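Okay, structure first, notes after.
Bear in mind that the values in this text are calculations on the coordinates, not laboratory data. The structure presented is a predicted model; accordingly, all values stated were derived computationally and were not measured. Reconstructed Cβ throughout: ideal geometry from the backbone, glycine too, with neighbour counts over all protein chains shown.
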Amino acid sequence: MELQRIGQYFPFMSSIEAFGSALRSARVARGLSLVELAAMAEVSPRLVSEVERNGRPHVSLATVLRLLAL
């Protein structure tokens, strides 16, 4: 399932822009580097960077849930 469709289950995350912005804010608030967050979520730092910069609209639900869990 892609992030665009996640909005139907999680209305507060109706767009990749909102998710990317929220992800960056949460990461910074926790004092995590992009590399640290990526390692914790078992994804590449590039993927995290692209999501945070709103450039990765086709992220799997599994990846989104891993990022949300952190």
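Computed values, structure above
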| read-out | value |
| --- | --- |
| Cβ crowding within 10 Å averaged over residues, with 41-50, 24-33 ranked highest first | 41-50, 24-33 |
| Estimated FRET transfer efficiency (Glu36, His58; beta-carbon r; R0 25 Å; 0.05) | 0.55 |
